[in-house]
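Report on the following structure.
The values are calculated or read from the model by the stated rules, or taken from the named source; none is laboratory data. What you are looking at is a predicted structure, and each value in this text was computed from that prediction instead of being measured. For neighbour counting, all protein chains shown are included, and Cβ atoms are generated from backbone atoms with ideal geometry for every residue, glycine included.
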Amino acid sequence: MKNNIDYEKIEQRVKVKQGIVKTLTYVLLTFWGIVVLFPFFWMVLTSIKSYGEYNSEYIPKFYSSNPTIQNYLDAFTQVPLAQYFLNTLIFTVITTAVMLVVITLAAFAFARLEFKGKDALFVVFLSMMMIPNELVIITNFVTITDLEMRNTFAGLILPSIMSVFYLYLLKETFQQIPDNLYQAAKVDGTSDFKYLLRVMIPIAKPTLVTITILKVIECWNSYVWPRLITDDAAYFLVSNGIQEIRENGFGRENIPAMMAAVVVITLPLIILFLIFRNKIMEGVSRGGTKG
């Protein structure tokens, strides 16, 4: 009886410790969630405040006494935000589509084909990830300028159609596909291209979806290169268009209107991530697992 009582006490202590750890975990996660989400909350809150209400607050308030959507209407009527959206959509769709074709073919070659110097060439590709982005940007800028592609969609798109990281991620996924599938396909007389389309791409679909979403986000948030290669507002993207809105649109003082434009620009990415978050996690975990 005594042993049973002691066992019950130990079990209770373990449950108490587990409860404390679980509570602390949730408290820390809640605190971290508030820290991460607070900028988004403040951005949305500021966007629904009128210009007069915002400037009259000597101490910022965590609520709006008279919310308004006028700032969102101004974002599309007083500045060419719709044009920036269209430019960004064109840039994002074309860049992502071309990049998917390039890295899919390259990943297939490195994962399945045998050719002299394959491993050395892939090491060279990986070493390019160590080169600072500033050096690449300078080289790309000189090249695009010499080709007279400034203020063109071609100049915006060409430097972004290749990614060593996405190539590596897709190659690792392709290498997880059993070799006997490839050998059986070759015995049946299937060409490499048909094998890629009918076998490898369907199996690697989660990784391809992940790469697509990440590339879309990357293109949507692109700032330095579009700002450097375009000085014509007709080719501005939403990211560098924000600076133009600030300088020649609403003005530096109209922070609520600026925040409304930022909310409109950010919302598509948030929705995209929320819809495909499981696919992103699945693709990244699958691409990073061998065997």
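Of note:
- Residue in segment 242-255 that is under 26 Å from the mean Cα position of the chain (by Cα), at pLDDT below 85 and buried (at least 20 other Cβ atoms within 10 Å of the Cβ) present: yes
Listed here are the residues, each with its yes/no results for (1) over 22 Å from Ile213 (Cα atoms); (2) in contact with a helix residue (DSSP H, G or I) (Cβ under 8 Å, 6 or more places away or on another chain).
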{"residue": "Val124", "(1), (2)": "yes, no"}
{"residue": "Met128", "(1), (2)": "yes, yes"}
{"residue": "Pro132", "(1), (2)": "yes, no"}
{"residue": "Pro159", "(1), (2)": "no, yes"}
{"residue": "Tyr168", "(1), (2)": "no, yes"}
{"residue": "Phe174", "(1), (2)": "no, yes"}
{"residue": "Asp188", "(1), (2)": "yes, no"}
{"residue": "Leu197", "(1), (2)": "no, no"}
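- Test: residue in segment 118-139 that is at positive phi and without any contact (Cβ under 8 Å) to a residue 12 or more places away in the chain: no
- A single entry from Lys171, Lys205, Lys194, Lys215 fulfils the requirement of being crowded, with 16+ Cβ neighbours inside 10 Å, out of contact with any Ser or Thr (no Cβ under 9 Å at 6 or more places or on another chain) and among the charged types (D, E, K, R): Lys171.
- Options Val35, Val16: the member that is more than 30 Å from Leu73 (Cα to Cα), without any contact (Cβ under 8 Å) to a residue 40 or more places away in the chain, among the β-branched types (Val, Ile, Thr) and assigned to a helix (DSSP H, G or I): Val16
- Checked against the criterion of being closer than 25 Å to Ile270 by Cα, of a type in the set (D, E, K, R) and more than 25 Å from the chain's Cα centre (by Cα), the candidates Lys49, Lys22 yield just one match: Lys49.
- Scanning segment 38-57 for residues that are at pLDDT 85 or above and assigned to a loop (DSSP other than H, G, I, E, B) yields Ile48, Lys49.
- Just one of the listed residues (Asn71, Asn66) is in contact (Cβ under 8 Å) with a residue 12 or more places away in the chain, within 25 Å of Ile270 (Cα to Cα) and polar (S, T, N, Q), and it is Asn71.
- Residue among Asp74, Asp119 that is assigned to a helix (DSSP H, G or I), touching a helix residue (DSSP H, G or I) at 6+ places or on another chain (Cβ under 7 Å), more than 23 Å from Ile213 (Cα to Cα) and acidic (Asp, Glu): Asp74
- Residue within segment 105-115 that is over 32 Å from the mean Cα position of the chain (by Cα) and either assigned by TED's automatic domain parsing to the domain that holds Tyr223 or under 26 Å from Ile201 (Cβ atoms) (or both) present: yes
- Restricting segment 78-106 to residues that are in contact with a Ser or Thr (Cβ under 8 Å, 6 or more places away or on another chain) and under 25 Å from Lys194 (Cβ atoms) leaves a set whose member that is surrounded by the most Cβ atoms within 10 Å (Cβ to Cβ) is Ile103.
- Hits in segment 174-193 - residues which are in contact (Cβ under 8 Å) with a residue 60 or more places away in the chain and of a type in the set (Lys, Arg): none
- Test: Ser65 is more than 30 Å from Gln183 (Cα to Cα) and more than 27 Å from the chain's Cα centre (by Cα): yes
- Residue list for segment 137-164, restricted to those being exposed (fewer than 13 other Cβ atoms within 10 Å of the Cβ), within 28 Å of Val123 (Cβ to Cβ) and among the hydrophobic types (A, V, I, L, M, F, W, C): Ile138, Val142
- Checked against the criteria, Tyr223 does not count as closer than 30 Å to Val263 by Cβ, at pLDDT 85 or above and in contact with a Ser or Thr (Cβ under 9 Å, 6 or more places away or on another chain).
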